[in-house]
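The values are calculated or read from the model by the stated rules, or taken from the named source; none is laboratory data. Since the model is a prediction, treat every value here as computed from it, not as a measurement. Methodologically, a virtual Cβ is constructed for each residue, glycine included, from the backbone with ideal geometry; neighbour enumeration extends over all protein chains shown. All accessible areas refer to the heavy atoms of the entire protein, side chains included, with ligands and DNA or RNA removed. Shrake-Rupley method; radii C 1.70, N 1.55, O 1.52, S 1.80 Å.
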Amino acid sequence: MDLESETALETEPVSPSRQSVEPPEWRGYPQSLFGNWVADRVSRCKMVENCSKESREKCRIYYVDVLDTGKFKSAKDTDPPIDVDERALSELWDQLQTEPTGLRLRVLLVDNMKHPVLQMLGTRYNIEPFFFTSSSNWIPSRYQEEVNKQKGDHITVTLLFVRTAPWEKTAASSQNKHISDGEGAIDTQESLPLRSVVSSVEKYLLQDLLALHMIRSSEPSGSTIISYHPSAHWKRTTAEQLKRLVHKVGESVYWQKIFEQSKDPTFVFLAILWYALYAWDESLDHLYTHINWLETNVLLTNDSHLTTELHTIQAQLFHYTSLLEDFRKSVNFVRSTPSPVLESHEFTEQARSDTHKLMQKECDNLLSEIDRLGFQLKNIIDLVYFISILDSTIVNFNVQAKATVNFVDSRRMQELTKATVRDSAAMKQISYLTMIFLPASFIASVFGMNVREIIGGATETIGHYAIVSVAFTVVTAWLVVAFQTHSPFHEQGTGFWRRLAWPFLYVTRPTGLRQSLRSQPIGDM
């Protein structure tokens, strides 16, 4: 329903062409049986949109028949699967209308549901559209309908569960029904690669669907289980796979005794639910191994990708918890919803009591296993939480260690800076003292010179003093440059005796003084 709409119940107009041509009975489903399911509401629930539309994918219906004695028909004696042909829909409708004889229950498993097949099944078995909407949209559900005392009812269980599958690189783009659009976003519907599984084939966990609708009837051969399976390109459990598993149930000595003790067809329904439990068990076992692998790598490496993977697994684990709780509710639903068929004259009071006790026992067994899986899942969640804390601790420790090293380096640099400042202050003080005493020292040196211009009768002159001073200054500069191994006045690696001739070599070389004089602007000269 459109809760925003204020209009009255929509009605679908019927064109004159449709009035003149009588359509097949099943073409009007679901509005023909449920008047409020008009075209607009069918479109909103995507019941038709989610049907397989690819012509290369055939819609195929598989049979599993349970005889009135409780034994299963062998696979070779079972009717072959029906390939739905758009040109022969009337033949398929006639075949569905045919009542099988000598059967307690018939299981119909539908691969790649097409819209005409959906309409035929809905019309033939008077199925509420909620089964097709919940199964095609992957919505967990459980409910009972069409309850007729001593005659029968309808029950529906749509169950999402997790199972392990081999990784197929060629089908990587079609493994998930839901694909995350945002980069880095966590999508709990995505598959989870298990890189740690020791196997020649890589594994991954995916979300699978078990959609069952059962018509329980007191009439001979009136009970039917219909199993919906999504399109094959979603890589989920196919009808053919589930058919083989149901046949294996018929080969089990344990279940065969149960089917012989009670004629209640619900036990076959319950047996199919065990498939989901086995899938859960295997998945959690592989997941636990993968978590241990992550723990080891977190301790050995500091890979940021592992941290991201841990957060993804945490989100998916909480989603798995909700799916496992839905599984528990589904089993409790089957347990608390006895079939009205048990009230018919075919069952004595003792048979009804025995069937009720047997159903309670088998449901308790399944619930006990679900509790075990819940405890195992809780342990995995606690382990992932511990690894996340450990990973955060390692990251924080590394950050603190780097911060400590930086802090120590900073303290050392601070101490060196303080020492440099102290040395600079001391040098400034020495410079100040030199500035004070330098003029006085210069005057004393001049007045102490033994020259004629200052002291009468002296033999030397200021000119001689200037000549000798300049000569000694030039010789000192010449020797200082000659003793330097690195100097702009001579090439690096030159020997000592060659360095003694540096004034001549510097003046004569092209890059020497002449080159520098030529390149110097006239104004600067």
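The residue that is modelled with the highest pLDDT, counting only those in segment 146-183 that are touching a helix residue (DSSP H, G or I) at 6+ places or on another chain (Cβ under 8 Å) and on the phi > 0 side of the Ramachandran plot, is G152.
Output the residues belonging to segment 224-253 that are open to solvent by 30 Å² or more (accessible area, probe 1.4 Å) and assigned to a helix (DSSP H, G or I). Scanning segment 224-253 gives A232, H233, W234, E240, Q241, K243, R244, L245, K248, E251, V253. Residue count for segment 86-96 satisfying the condition of being more than 30 Å from E346 (Cβ to Cβ), open to solvent by 50 Å² or more (accessible area, probe 1.4 Å) and at pLDDT 80 or above: 2. For segment 460-504, a tally of residues being assigned to a loop (DSSP other than H, G, I, E, B) and either loosely packed, with under 14 Cβ neighbours inside 10 Å or at pLDDT 80 or above (or both) returns 9. Filtering D208, D281, D264 for residues that are under 27 Å from the mean Cα position of the chain (by Cα), crowded, with 19+ Cβ neighbours inside 10 Å and not hydrophobic (A, V, I, L, M, F, W, C) leaves a single hit, D208.
One line per residue, one yes/no per condition, for (1) among the polar types (S, T, N, Q); (2) at pLDDT below 75; (3) outside any helix (DSSP H, G or I); (4) within 27 Å of the chain's Cα centre (by Cα):
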position: I380; (1), (2), (3), (4): no, no, no, yes
position: S392; (1), (2), (3), (4): yes, yes, no, yes
position: V395; (1), (2), (3), (4): no, yes, no, yes
position: K418; (1), (2), (3), (4): no, no, no, no
position: I430; (1), (2), (3), (4): no, no, no, no
position: E453; (1), (2), (3), (4): no, no, yes, no
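For segment 338-349, the tally of residues that are surrounded by fewer than 14 Cβ atoms within 10 Å (Cβ to Cβ) and more than 25 Å from Y254 (Cβ to Cβ) stands at 2. Here is the figure for segment 350-372: residues that are surrounded by 14 or more Cβ atoms within 10 Å (Cβ to Cβ) and in contact (Cβ under 8 Å) with a residue 12 or more places away in the chain total 12. Considered as a group, the residues in segment 123-141 that are in contact with a Leu (Cβ under 8 Å, 6 or more places away or on another chain) and within 23 Å of P338 (Cβ to Cβ) include one that is surrounded by the fewest Cβ atoms within 10 Å (Cβ to Cβ), and that residue is N126. Listed conditions (1) buried (at least 21 other Cβ atoms within 10 Å of the Cβ); (2) in a helix (DSSP H, G or I) are all met by K257, apart from (1). If you go through segment 21-74 and pick out every residue that is open to solvent by less than 70 Å² (accessible area, probe 1.4 Å), part of a loop (DSSP other than H, G, I, E, B) and among the aliphatic types (A, V, I, L, M), you end up with 3.
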